[in-house]
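A short worksheet on the structure shown next.
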C-alpha cells in the first residue's frame, strides 16, 4: 500500500499440447528403378575436367546435387562403366543444402568415349511425384599409343606399390597382365584334395539304400549269412524293446527255433541245439545253448522271477549265437 514491492517466485510447470504426425509410405506407383531413397526437391549439374587427354592420364567428373531434403540419404545409383576406364570410388563432400560426388577416372586405351548420362531420381513430398535428373553426355578423346603407354605403365608398377595414395600423387598404376594358373599350384590338383573328394563320394554312396544293399550282397549271397543277419537283427531289436521278462524269454526261444529251422530247411540238414556233433567246439556251444534254453523255458513258462538284467541275458545269447554261427560256417557248404 505504501509503495513497497513484494513478490514471490513460484515454479510453474507448463506443458504443450500433444502433436500427431502421420508418416506416409513412399508410393510404389511410377517409382523409378534407380530410386535410392532420396526425398526432397533437388537439382543436379555435372562437369568434366577435360575432354581430351592421353592414355593413363586421370580426369574427373563432378556431380553436384543441391536443393532441400535429407542429404544423408542422397545417393547415386550403381553406375556401370566400360572396362576401358578405371574408375575409383568417388570423393564425397556435403553441406546443408548440397552434396558433391567427385569421380577420378583413368582411361587405359586410346579412342573416343561417350559417357552415358548419369541418372538421379528422388521423390518430392509436396507434389507426391517422382522426378529423375540426368547429366549430359560427355565426349572424351583419349590420345596416345597403347603399347608405349603399357611399357611405361609396367615400369612404374615395378618401382611403386600396386595401390597407394600420397600427397603429391593420388593415382598409382596397376599392371593388368594375365598370369595363367599353374595346375600344380591349384588346390583341386593336389593329391590330398583328390583323396578327400573320393572318400566323400564313397561315404555319400554308402548312405543310398540301394548302393548299401548291393555292397552288402557279398556277405548276404549265401542263405546262412542272410539267416544270420535276420537273427542278429531280431536279437538286437529284442534287447531294445520294452517288454517284460517272461515275454523276452519266450522271444529268445522263438529266435533260436527260427534260426535252426531255417538252416535245416535251406541245407536239408538236421542241425539243432539238441543234436549230437563230432565237432568239439560246437558240442560245447550246444551244451551252453541247451542250458540257456532250459533256463529260458523255466523263466518263460514257469514264470519264476529272474534277478538278473534281461539285457545281460540277451548279450550272452548274442555271443553264443555268433559263436555257433561261426562253427556252422565251416560245417555247412
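A short reminder: the numbers here are calculations on the coordinates, not readings from a lab. Bear in mind the structure is a predicted one, so any value in this text is a computation, not a measurement. We place every Cβ from the backbone using ideal geometry, glycine too, and count neighbours over all the protein chains shown.
Do you know the relative contact order of the range 1-144, to the nearest whole percent, from alpha carbon pairs under 8 angstrom that are 6+ apart? If you can, show how the numbers build up before the last one.
Numbers: 264 pairs, mean separation 39.4, N = 144.
It rounds to 27 percent for the range 1-144.
Under a crude label model (7 Å from the Cα following the beta-carbon direction), how far is residue 281 from residue 60 in nanometres?
About 9.3 nm separates the two model spin labels.
Which value in Å is the Kirkwood Rh of the range 51-146 over different Cα pairs?
After inverting the mean inverse Cα-Cα distance, the result is 15.0 Å.
Modelling each spin label as a point 7 Å along the Cα-to-Cβ direction, I'd like the residue 9/residue 81 distance in nm, to one decimal.
About 6.5 nm, to one decimal.
What ranking of 22, 57 emerges when the number of other C-beta atoms within 10 Å of each C-beta is taken as an exposure proxy, fewest first?
Ordered from fewest to most neighbouring Cβ atoms within 10 Å, 22, 57 come out as 22, 57.
How would you rank 191, 81, 256, going from fewest to most other Cβ atoms within 10 Å of each one's own Cβ?
Arranged by neighbour count, lowest to highest, 191, 81, 256 become 191, 81, 256.
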